[in-house]
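The values are calculated or read from the model by the stated rules, or taken from the named source; none is laboratory data. Computed from a predicted structure; not experimentally measured. Here the Cβ is made from the backbone with ideal geometry for all residues, glycine too, and neighbour counts use every protein chain on show. In case anyone asks, the SASA skips ligands and DNA or RNA and just uses the protein heavy atoms, side chains included. Shrake-Rupley method; radii C 1.70, N 1.55, O 1.52, S 1.80 Å.
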Amino acid sequence: MHGTRTALLAALPFWLSFLLVPLMWISVFQGGWTLLLVPLATWQLFSILDLVAGLNTKNEDPETPEAELFWYRAVTLAWVPVQMATLFGLLWYVPKASHLSMVESWGVFFSFGVLSGTIGINYSHELMHQKQRGERWLADILLASVLYSHFRSEHLLVHHRYVGTPRDAVTARYNEGFHRFFPRVLKECVTSSFTAEREKLIRSGRLVWSFRNPFWKYGLLQIFFLSCAFWFGGLLGVFLFITQAFVAVWQLELANYVEHYGLTRKHLGDGKYEHVLPRHSWNAAHRWSNWLLINLQRHSDHHYKPSRRFPLLQNYDELEAPQLPHGYPLMTIFAMIPPLWRRKMNPQVRKWRAMHYPEITDWEPYKNAQTPIPQ
């Protein structure tokens, strides 16, 4: 993909996320308006930079050897100890910081939740898709630190297999506002992920309570983080820790909402659906937000080739995949304002339907997730 001399420079933009950590600590030490630095940087600054820099539609060679991706892989590997050190440092320092009011302390962990959701969960997503056991363990650590460990099971066993069908909870339905989507997903994904793991164990001849069930690991890791929160900060530390976990999950599910809103796979009859194609995810080629989110916005290719590492994800044009009008940072803000979201996105969904499925005249079963459960 690149010669050895230019490999680091080519990967360098994807290290931008690390600049958010010093912003986090400035907020901690200064308090006041500086608590807005991390949210403003992730939500606003990168949206402005996207508008200025435009799109990056260049595709790297998907056959690039793993050895040439070292500096890209290092981004996600290095982030884990940085996030853990920041989390434990905050849990130790903030509860006893006399210059921070209770509201400011809450604001610190709100900002950290933006960080652990926008970056941490996103990086865990990249890590969980890899073959190396060590990378998958790092994904579990990041997810446990936001009390959302079951996301790995839900994502790998349910979402990728059933995206765009009624069995996938995180495929946002047409006209479904985020305020309805969010509680529905929180409820459905826990049971869905456990059911998927139970069925996997049964197929292999094991009991659901077998130690092969990853929910044992999920529970122990989450207990570890809650215990650390109490150890460092008492009940206040636990409260602040849960605050950042909730904000992080909110950030994740905002992205999930955007990624597949209104996009459904065609039902072929007898509970069978067409194969997943690039057109079943929204694509965004916005340069700066893709640097921040390590190409998560090239989501069409991720679902088409889930094991492909982030620097090799391919961009698709509007004939192959639907295009978001803006990057995720701005689109997730729109998602929090349902009338604005519908005004922006519903015409795009109707255009997508007409382009790819002109033969479908009744969209009500798809809109209401009433097509048959996939077999």
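Looking only at the range 70-85, decide whether some residue is under 21 Å from ALA255 (Cβ atoms), of a type in the set (D, E, K, R), part of a helix (DSSP H, G or I) and open to solvent by less than 70 Å² (accessible area, probe 1.4 Å).
No.
Can you find, within the range 177-222, the residue that is most open to solvent (accessible area, probe 1.4 Å) among those that are more than 19 Å from ALA248 (Cα to Cα) and of a type in the set (A, V, I, L, M)?
Filtering the range 177-222 for residues that are more than 19 Å from ALA248 (Cα to Cα) and of a type in the set (A, V, I, L, M), the one most open to solvent (accessible area, probe 1.4 Å) comes out as LEU207.
List pairs: first residue in the range 16-43 and over 13 Å from LEU100 (Cα atoms) and in contact (Cβ under 8 Å) with a residue 60 or more places away in the chain, second residue aliphatic (A, V, I, L, M) and not in a helix (DSSP H, G or I) anywhere in the structure, Cβ distance under 9 angstrom, at least six positions apart or on different chains.
Final answer for the pair search is SER17/LEU293; SER17/ILE294.
Would you point out which residue out of TYR162, TYR148 is crowded, with 24+ Cβ neighbours inside 10 Å and among the hydroxyl-bearing types (Ser, Thr, Tyr)? Explain how you work it out, then say what you get.
Details: TYR162 fails: crowded, with 24+ Cβ neighbours inside 10 Å.
TYR148 is the lone residue from the list that is crowded, with 24+ Cβ neighbours inside 10 Å and among the hydroxyl-bearing types (Ser, Thr, Tyr).
Whether any residue in the range 46-56 is in contact with a Pro (Cβ under 9 Å, 6 or more places away or on another chain), of a type in the set (S, T, N, Q) and modelled with pLDDT under 95 is what I want to check. Quick ask: steps written out before the conclusion?
Taking the range 46-56 as the starting set, the residues that turn out to be in contact with a Pro (Cβ under 9 Å, 6 or more places away or on another chain) are 46-47, 50.
From what's left, of a type in the set (S, T, N, Q): 47.
Then drop every residue that is not modelled with pLDDT under 95, which leaves none.
Among the residues of the range 46-56, not one is in contact with a Pro (Cβ under 9 Å, 6 or more places away or on another chain), of a type in the set (S, T, N, Q) and modelled with pLDDT under 95, which makes the answer no.
Listed residues GLY205, GLY219, GLY234; which is in a helix (DSSP H, G or I) and either among the basic types (Lys, Arg) or on the phi > 0 side of the Ramachandran plot (or both)? So that I can check it myself, show each step before the final result.
On the way: GLY205 fails: in a helix (DSSP H, G or I); GLY219 fails: either among the basic types (Lys, Arg) or on the phi > 0 side of the Ramachandran plot (or both).
Just one listed residue meets the conditions, GLY234.
Restricting to helices (runs of 4 or more DSSP H) lying wholly in the range 101-188: which have 1 or more residues that are touching a Lys or Arg at 6+ places or on another chain (Cβ under 8 Å) and closer than 27 Å to SER227 by Cβ?
Because the criterion is at least 1 residues that are touching a Lys or Arg at 6+ places or on another chain (Cβ under 8 Å) and closer than 27 Å to SER227 by Cβ, the helices (runs of 4 or more DSSP H) in the range 101-188 that meet it are 122-128, 133-144.
If a residue has to be surrounded by 14 or more Cβ atoms within 10 Å (Cβ to Cβ) and not in a helix (DSSP H, G or I) to count, how many in the range 1-50 make the cut?
Total meeting the criteria: 3.
Those residues that are open to solvent by 50 Å² or more (accessible area, probe 1.4 Å) and either over 23 Å from ALA255 (Cβ atoms) or out of contact with any Leu (no Cβ under 9 Å at 6 or more places or on another chain) (or both), I need them from the range 52-61; list them, please.
Step one: filter the range 52-61 for residues open to solvent by 50 Å² or more (accessible area, probe 1.4 Å), giving 52, 55, 57-59, 61.
Answer for the range 52-61, where residues must be open to solvent by 50 Å² or more (accessible area, probe 1.4 Å) and either over 23 Å from ALA255 (Cβ atoms) or out of contact with any Leu (no Cβ under 9 Å at 6 or more places or on another chain) (or both): VAL52, LEU55, THR57, LYS58, ASP61.
Pull up the range 237-281, narrow it to residues that are small (Gly, Ala, Ser) and part of a helix (DSSP H, G or I), then point me to the one that is nearest to the chain's Cα centre (by Cα). I'd like the intermediate steps shown before the answer.
Applying the first criterion (small (Gly, Ala, Ser)) to the range 237-281 yields 237, 245, 248, 255, 262, 269, 271, 281.
Right, trim to part of a helix (DSSP H, G or I) and you get 237, 245, 248, 255.
Values: GLY237: 25, ALA245: 14, ALA248: 10, ALA255: 6 Å.
If we take residues in the range 237-281 being small (Gly, Ala, Ser) and part of a helix (DSSP H, G or I), then ALA255 is nearest to the chain's Cα centre (by Cα).
Inside the range 106-121, can you point out the residues that are open to solvent by less than 10 Å² (accessible area, probe 1.4 Å) and of a type in the set (A, V, I, L, M, F, W, C)?
Hits for the range 106-121 are VAL108, PHE109, PHE112, VAL114, LEU115, ILE119, ILE121.
PHE88 passes all but one of (1) of a type in the set (A, V, I, L, M, F, W, C); (2) touching a Pro at 6+ places or on another chain (Cβ under 7 Å); (3) surrounded by fewer than 20 Cβ atoms within 10 Å (Cβ to Cβ); which number fails?
Evaluating PHE88 over (1) of a type in the set (A, V, I, L, M, F, W, C); (2) touching a Pro at 6+ places or on another chain (Cβ under 7 Å); (3) surrounded by fewer than 20 Cβ atoms within 10 Å (Cβ to Cβ) leaves (2) as the failure.
Pull out all pairs, ordered by first then second residue, where Cβ-Cβ is under 9 Å, the residues are six or more apart or on different chains, the first lies in the range 137-161 and is touching a residue at least 24 places away in the same chain (Cβ under 8 Å), and the second is in a loop (DSSP other than H, G, I, E, B) and of a type in the set (Phe, Trp, Tyr).
Filtered contacts from the range 137-161: no entries.
Looking only at the range 287-307, count how many residues are in contact with a strand residue (DSSP E or B) (Cβ under 7 Å, 6 or more places away or on another chain) and open to solvent by 20 Å² or more (accessible area, probe 1.4 Å).
First pass over the range 287-307, keeping only residues in contact with a strand residue (DSSP E or B) (Cβ under 7 Å, 6 or more places away or on another chain): 287, 297-300.
Restricting the remaining residues to those that are open to solvent by 20 Å² or more (accessible area, probe 1.4 Å) gives 287.
Residues flagged as in contact with a strand residue (DSSP E or B) (Cβ under 7 Å, 6 or more places away or on another chain) and open to solvent by 20 Å² or more (accessible area, probe 1.4 Å) within the range 287-307 amount to 1.
Considering only residues of the range 321-345 that are of a type in the set (Val, Ile, Thr) and under 16 Å from GLU259 (Cβ atoms), which is surrounded by the fewest Cβ atoms within 10 Å (Cβ to Cβ)?
ILE333
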